[in-house]
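Scroll down for the structure; my scribbles are underneath it.
The values are calculated or read from the model by the stated rules, or taken from the named source; none is laboratory data. All of these numbers come straight from a predicted model, not from anything done at the bench. For neighbour counting, all protein chains shown are included, and Cβ atoms are generated from backbone atoms with ideal geometry for every residue, glycine included. Ligands, DNA and RNA are excluded from the accessible area calculation, which covers all protein heavy atoms including side chains. Shrake-Rupley method; radii C 1.70, N 1.55, O 1.52, S 1.80 Å.
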Amino acid sequence: MRKLLYGMNLSVDGYISAPGDDLGWSEPNDELFQWWLGEERAIELFLYGRRLWETMSSYWPTGDQQPGATAADIEFARNWRDTPKVVFSSTLDEVDWNARLFAGDAVAEIARLKPEDGGPMRVGGAKLAAAAMRAGLIDEYTIVTHPVLVGGGAPFFTVLDSWVNLRLVETRTFAGGVVLNRYETRR
């Protein structure tokens, strides 16, 4: 059975983007970017909502060809292009870069994918992750907290119908006071 992971950079007040989709506060330093790269290499299937898909596909298909691209940027771009992706959207007509479009019930499709053989899947995008969270599908949460309050935006967590008990499995501090906490869902 595949594990479903949800992890993002977030502010101390719990947002993955500030108002206006501003992500400037979450720029990773080299150490954190390398860590994220290692995490992404372990993923066998990315699950994206439309907005995160548009953000990622606007840069990473050619991220390795950008002026000043580092070795880590090059590796991240190649990994991103090579890793299969499912994009959940009812408004897009097509996707590319090793992705397939799914316009139906996202929760049902994620639930269908979980029992398949294979490595971990990562869900990305606040609305898509919220739906998976409410359905109890997420097996692991990776919370990378940056020392900033942004006052609003897209929240990491959603309103739930019941508690989700977690077990802390990793904690780490990065330069600049960025703190990683990884939790497994207790089932």
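Only protein heavy atoms count here; under a 1.4 Å probe, Met8 has an accessible surface of about 40 Å². Note on the chain: antiparallel DSSP beta bridges, both residues inside, total approximately 45 percent of the bridges counted. Per-residue accessible area (protein heavy atoms, 1.4 Å probe) orders Tyr183, Tyr59 as Tyr59, Tyr183, starting from the largest. Surface composition of segment 54-187: carbon and sulfur atoms hold 52% of the protein heavy-atom accessible area at a 1.4 Å probe. Of the chymotrypsin sites (Phe, Trp or Tyr not before Pro) in segment 78-176, the ones in a loop by DSSP (not H, G, I, E or B) with at most 12 other beta carbons within 10 Å are Trp163.
When P(r) over Cα pairs in 10 Å bins from 0, in percent is calculated directly from the model, which label among (1) 8, 29, 24, 18, 14, 6, 1; (2) 9, 36, 41, 14, 1; (3) 9, 30, 20, 13, 14, 10, 4, 0 fits? Label of the calculated value: (2). Its Cα centre serving as origin, the chain has a Cβ charge dipole (Lys and Arg +1, Asp and Glu -1) of approximately 620 debye. Note: relative contact order over the chain, using C-alpha pairs below 8 Å and six or more positions apart, is 35 percent.
Looking at segment 52-112, what % of the alpha carbon pairs are farther apart than 13 Å? Walk me through the intermediate numbers first.
Details: 1172 of 1830 pairs.
Tail of the P(r) past 13 Å holds 64 percent of the pairs.
Select from Val87, Phe76, Ala131 the residue farthest towards the positive end of the dipole of segment 55-187; place +1 on Cβ of Lys and Arg, -1 on Cβ of Asp and Glu, and compute about the Cα centre. With unit charges placed on the Cβ atoms, the residue in question is Ala131.
Largest GNM mean-square fluctuation across Leu92, Leu128, Leu52, computed for the chain with C-alpha springs under 10 Å, falls on Leu92. Distant-in-sequence amide contacts of Val86, defined by a placed amide H-H separation under 5 Å and a gap of 5 or more residues or a different chain, comprise Phe46, Leu47, Tyr48, Arg100. On a per residue basis, the chain carries 51 Å² of accessible surface, using protein heavy atoms and a 1.4 Å probe.
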